[in-house]
Amino acid sequence: MADYDLIVWDERLVTGIDKIDEQHQILINLFNEANTQLTADNSAEFLEYITRDLLSYALYHFETEEQLMQQYGYVEDANAHIQQHRSFSAKVVAVRNAIKAGVLISREELLSFLNRWLIDHILNTDKRLAAFLLASKDYLAKQGS
């Protein structure tokens, strides 16, 4: 019942940072799973399950990126990048709180938000971080050891 195409992992999404790419693939799999399993009339319990898993893994992923930023001195876009992470997390928490209060998000609204945010964040924000890391002698030296 996919209104949205499943996201296919391809070269345009590759950042070149293995750890980030592996985690992005898991996030995309979570999106694709939600895309195929959500229906127009999901229960609150199922929506909670989907958003809990998504938020849990996203927070883990954000922590990975933010550790890399700190470890390698990424300051250029760091505040905006971190703010995007916080904004995403706040939106998912708001959705989860609404679900708990009995206000269910529509399948279309949830998938639209996730699709737009995930693709835009990878193609723009995460690619800038990756370019910085790949240009960092410290990062490259650590990968070689």
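Looking across the range 24-42 at every residue that is in a helix (DSSP H, G or I) and out of contact with any Leu (no Cβ under 8 Å at 6 or more places or on another chain), the one that is farthest from residue 100 (Cα to Cα) is identified as 25.
For the range 100-116, state whether one or more residues are more than 21 Å from residue 5 (Cα to Cα) and surrounded by 14 or more Cβ atoms within 10 Å (Cβ to Cβ). Yes: the range 100-116 contains one or more residues that are more than 21 Å from residue 5 (Cα to Cα) and surrounded by 14 or more Cβ atoms within 10 Å (Cβ to Cβ).
Once the range 117-145 is narrowed to residues that are of a type outside the set (A, V, I, L, M) and in contact (Cβ under 8 Å) with a residue 40 or more places away in the chain, the residue that is surrounded by the most Cβ atoms within 10 Å (Cβ to Cβ) is 126.
Just one of the numbered conditions (1) of a type in the set (Gly, Ala, Ser); (2) within 24 Å of residue 124 (Cα to Cα); (3) out of contact with any helix residue (DSSP H, G or I) (no Cβ under 8 Å at 6 or more places or on another chain) is not true of residue 43: (2).
Kindly indicate whether any position in the range 43-55 is in contact with a Phe, Trp or Tyr (Cβ under 9 Å, 6 or more places away or on another chain), assigned to a helix (DSSP H, G or I), without any contact (Cβ under 8 Å) to a residue 24 or more places away in the chain and surrounded by fewer than 14 Cβ atoms within 10 Å (Cβ to Cβ). No, the range 43-55 has no match at all. Cβ contacts < 9 Å: first residue under 13 Å from residue 133 (Cα atoms), restricted to the range 70-96; second residue in a helix (DSSP H, G or I) and acidic (Asp, Glu), any location; separation 6+ or different chain. Result? Once the first residue is under 13 Å from residue 133 (Cα atoms) and sits in the range 70-96, its partners that are in a helix (DSSP H, G or I) and acidic (Asp, Glu) give 71/138; 72/138; 73/138; 78/66. If you go through the range 56-83 and keep only what is surrounded by fewer than 18 Cβ atoms within 10 Å (Cβ to Cβ), in a helix (DSSP H, G or I) and not hydroxyl-bearing (Ser, Thr, Tyr), you end up with 59, 63, 66, 67, 70, 71, 78, 79, 80, 82, 83.
The single residue among 57, 72 that is of a type in the set (Ser, Thr, Tyr) and more than 14 Å from the chain's Cα centre (by Cα) turns out to be 72.
Selection of the range 84-134 for residues being β-branched (Val, Ile, Thr) and part of a helix (DSSP H, G or I) yields 92, 93, 95, 99, 119, 122, 125. The single residue among 90, 94, 101, 78 that is out of contact with any Lys or Arg (no Cβ under 9 Å at 6 or more places or on another chain) and within 17 Å of residue 124 (Cβ to Cβ) turns out to be 78.
Contact map, the range 12-41: residues that are exposed (fewer than 13 other Cβ atoms within 10 Å of the Cβ) and modelled with pLDDT under 95 paired with residues that are part of a loop (DSSP other than H, G, I, E, B) and not hydroxyl-bearing (Ser, Thr, Tyr), Cβ distance under 7 Å, separation 6+ or inter-chain. Pairs shown: 36/2; 39/1.
The values are calculated or read from the model by the stated rules, or taken from the named source; none is laboratory data. None of these values were measured; they are calculated from a predicted model. Heads up, the Cβs are rebuilt from the backbone with ideal geometry, glycines too, and the neighbour counts pull from every protein chain shown.
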